[in-house]
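The values are calculated or read from the model by the stated rules, or taken from the named source; none is laboratory data. Just so we're clear, the structure is a prediction, and the values are computed from it rather than from any experiment. All Cβ positions, glycine included, derive from the backbone under ideal geometry; neighbour counts span all protein chains shown.
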Amino acid sequence: MSIKKQSVIMIFLYAVVFLSPYLFQSLSQKAIITATTFTYILGAVLMSWLYLKYKQSAITQVETSGKLTSPVFVFLLGISGIIMAIIIQAIVFNIEAAITGEQNTSQNTQNIIALILTNPLFSLATVIGGPFMEEFIFRRSMIGILESYTGFWLAAIISSTLFSLIHRDGHFFVYFFMGFFFALLYKLTGKIWTSIIAHCGMNALVVVAQLFLYYNNIQLPS
């Protein structure tokens, strides 16, 4: 299987998972959240299986040109990428707030926390399912399709733009720079696991921090 064919299959799979909550509208809210969590995890598992099954034939240019390919570098950059991603997110949020005067909070994050409070199982979709699929789609698949036509940098810009738009949060540059940072991690090692580690870890830290603030009734200054 070629990387383009694999990427198209993964993008189609992501679209099905992304739209799946609309199929569960007749269910109770808790059942919708549970079913959505299941589809997110299933999507992540299927994408991982496709990647591992065809990793010898479906290879991107990024994966053939990665410099820091050692598992040690993949792990270290993935772990350090968690903290770096949080810092980048905070910096861009504050720059946006200074320019626009809006609060440096994410409605998307608040919505996710509300769902987790309703059904804690949804944390699996947030911390594992979502990040896995987004890295396979917006970093590996989209860059894998585009890079032969545009080169890595333009492909990374396009994929980061789409990554930001899909979140529909109003904080375009926050998600754009996050996506671009994850793309750089992918490029450095040539391993999608690097950006997956960083993305999953970042989401986990954000969820834990938000839940800590909620349960301790702590209000951050606007």
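State the number of residues belonging to region 35-52 that are in contact (Cβ under 8 Å) with a residue 12 or more places away in the chain and under 25 Å from Ser148 (Cα atoms). Please lay out each step first, then the result.
Here is the first cut: in region 35-52, the residues in contact (Cβ under 8 Å) with a residue 12 or more places away in the chain are 35-37, 39-44, 46-48, 50-51.
Filter once more, keeping what is under 25 Å from Ser148 (Cα atoms): 47-48, 50-51.
Number satisfying all stated conditions: 4.
Mind listing whichever residues of region 1-14 are surrounded by 12 or more Cβ atoms within 10 Å (Cβ to Cβ) and either in a helix (DSSP H, G or I) or of a type in the set (Val, Ile, Thr) (or both)? Give the steps one after another, and end with the answer.
At the first step, the residues of region 1-14 found to be surrounded by 12 or more Cβ atoms within 10 Å (Cβ to Cβ) are 1-11, 13-14.
Selection gives Ile3, Lys4, Lys5, Gln6, Ser7, Val8, Ile9, Met10, Ile11, Leu13, Tyr14.
Based on this model, can you work out whether Ile86 counts as more than 16 Å from the chain's Cα centre (by Cα), closer than 23 Å to Tyr175 by Cα, of a type in the set (Val, Ile, Thr) and part of a helix (DSSP H, G or I)?
Working: more than 16 Å from the chain's Cα centre (by Cα): no; closer than 23 Å to Tyr175 by Cα: yes; of a type in the set (Val, Ile, Thr): yes; part of a helix (DSSP H, G or I): yes.
Criteria not met by Ile86.
For Ala85, work out the one condition from (1) hydrophobic (A, V, I, L, M, F, W, C); (2) more than 22 Å from Lys191 (Cβ to Cβ); (3) in contact with a His (Cβ under 8 Å, 6 or more places away or on another chain) it doesn't fulfil.
(2)
Restricting to region 46-93, what's the tally of residues that are farther than 17 Å from Met1 by Cα and either at pLDDT 90 or above or of a type outside the set (Lys, Arg) (or both)?
Of the residues in region 46-93, the ones farther than 17 Å from Met1 by Cα are 62, 65-93.
Imposing the further condition that a residue be either at pLDDT 90 or above or of a type outside the set (Lys, Arg) (or both) reduces the set to 62, 65-66, 68-93.
Of the residues in that region, 29 qualify.
Do you know which of the residues in region 15-45 that are crowded, with 17+ Cβ neighbours inside 10 Å and aliphatic (A, V, I, L, M) is nearest to His167 (Cα to Cα)?
That would be Val17.
Could you please let me know if Val92 is surrounded by fewer than 15 Cβ atoms within 10 Å (Cβ to Cβ) and outside any loop (DSSP other than H, G, I, E, B)?
Working: surrounded by fewer than 15 Cβ atoms within 10 Å (Cβ to Cβ): no; outside any loop (DSSP other than H, G, I, E, B): yes.
No; evaluated as a whole, the condition is false for this residue.
Which numbered condition in (1) loosely packed, with under 14 Cβ neighbours inside 10 Å; (2) in contact (Cβ under 8 Å) with a residue 40 or more places away in the chain is the only one that Ile87 fails?
(2)
Give the residues of region 144-162 that are surrounded by 23 or more Cβ atoms within 10 Å (Cβ to Cβ) and modelled with pLDDT of 95 or more, sorted by residue number.
Our first condition is that a residue be surrounded by 23 or more Cβ atoms within 10 Å (Cβ to Cβ); within region 144-162, this holds for 144, 155-156, 159-160.
Correct list: Ala155, Ala156, Ser159, Ser160.
Restricting to helices (runs of 4 or more DSSP H) lying wholly in region 135-222: which have 2 or more residues that are farther than 19 Å from Ile112 by Cβ and β-branched (Val, Ile, Thr)?
Working: elements: 142-150, 152-167, 172-189, 192-215.
Correct list: 142-150, 152-167, 192-215.
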